[in-house]
């Protein structure tokens with residue numbers, strides 16, 4: 001089987017900015033830390049994929065050893081169509097991972113990079129965001145479950161923050177299905193204003209289309 005780029009979207013929950021106790025716990029000086037579910041094992045997601053827990057656990061241990069323990073578990077703001085993490089777009093660093101039943105949990109530090117400042121501004125403004133895993137692997141059809149199962153050749157690359165998670169409930173905060181179109185339009189306008197302001201401050205001011 002040939003490997004493909006596999007991306008999945010999972011819920012995330014913001015916690016308080018780093019205080020002295022948390023800084024000591026995670027070994028970071030300051031900033032914003034968020035935590036929540038990084039990936040879910042054994043359940044069909046909205047992309048129709050199932051990740052067996054043994055495969056996800058294997059990759060989590062590998063990621064812990066090769067990336068988190070070496071303080072280089074970096075991720076980007078939005079998914080690129082690439083299997084390589086682009087340092088120009090890095091926004092955060094995974095500090096810790098642990099299991100809660102079938103949920104792979106994580107704590108993530110928002111960095112003081114250009115993309116990280118955009119991400120922090122979106123969190124500060126209360127914009128709904130999600131987290132997404134990126135990996136390479138093949139899948140096998142599960143006809144009875146109307147799903148596909150990720151196979152043993154799966155390799156975890158990183159976790160990215162995204163604006164349009166596709167997994168049910170895969171947002172930082174739950175959306176209100178009764179919200180009006182005007183309210184949603186205002187949210188997109190707020191995001192656009194934040195990003196435009198940051199780009200202007202950095203001398204790269206341009207209008208970003210939201211269509």
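Here residue 29 fits the description: at pLDDT below 80 and touching a helix residue (DSSP H, G or I) at 6+ places or on another chain (Cβ under 8 Å). I'd like to check something: does region 94-113 contain any residue that is assigned by TED's automatic domain parsing to the domain that holds residue 136, part of a helix (DSSP H, G or I) and at pLDDT 90 or above? Within region 94-113, not a single residue is assigned by TED's automatic domain parsing to the domain that holds residue 136, part of a helix (DSSP H, G or I) and at pLDDT 90 or above. Within region 35-46, residues that are in the same structural domain as residue 134 (by TED's automatic domain parsing) and free of Cβ contacts under 8 Å to residues at least 40 places away in the same chain have Cβ atoms under 6 Å from residues that are assigned to a strand (DSSP E or B) and surrounded by 16 or more Cβ atoms within 10 Å (Cβ to Cβ) in no pair, counting only partners at least 6 apart in sequence or on another chain.
Do we have any residue at all in region 162-171 that's at pLDDT below 85 and closer than 20 Å to residue 88 by Cα? Yes, some residue in region 162-171 is at pLDDT below 85 and closer than 20 Å to residue 88 by Cα.
Residue 45 falls short on exactly one of the conditions (1) within 21 Å of residue 118 (Cβ to Cβ); (2) modelled with pLDDT of 65 or more; (3) assigned to a loop (DSSP other than H, G, I, E, B), and that condition is (1).
A single member of 152, 145 is surrounded by fewer than 19 Cβ atoms within 10 Å (Cβ to Cβ), modelled with pLDDT of 85 or more and farther than 16 Å from residue 9 by Cα, and it is 152.
Screening region 121-167 for residues that are out of contact with any helix residue (DSSP H, G or I) (no Cβ under 7 Å at 6 or more places or on another chain) and in a helix (DSSP H, G or I) and picking the one that is nearest to residue 76 (Cα to Cα) gives 123. Among the residues of region 124-138, some residue qualifies, meaning at least one is surrounded by fewer than 20 Cβ atoms within 10 Å (Cβ to Cβ), modelled with pLDDT of 85 or more and either closer than 16 Å to residue 156 by Cα or within 14 Å of the chain's Cα centre (by Cα) (or both). Could you list all residues from region 48-93 that are closer than 16 Å to residue 8 by Cβ and assigned to a strand (DSSP E or B)? Once the filter is applied, which keeps residues that are closer than 16 Å to residue 8 by Cβ and assigned to a strand (DSSP E or B), region 48-93 yields 49, 50, 75, 76.
The values are calculated or read from the model by the stated rules, or taken from the named source; none is laboratory data. Keep in mind the model is a prediction, meaning the values are calculated, not measured. Methodologically, a virtual Cβ is constructed for each residue, glycine included, from the backbone with ideal geometry; neighbour enumeration extends over all protein chains shown.
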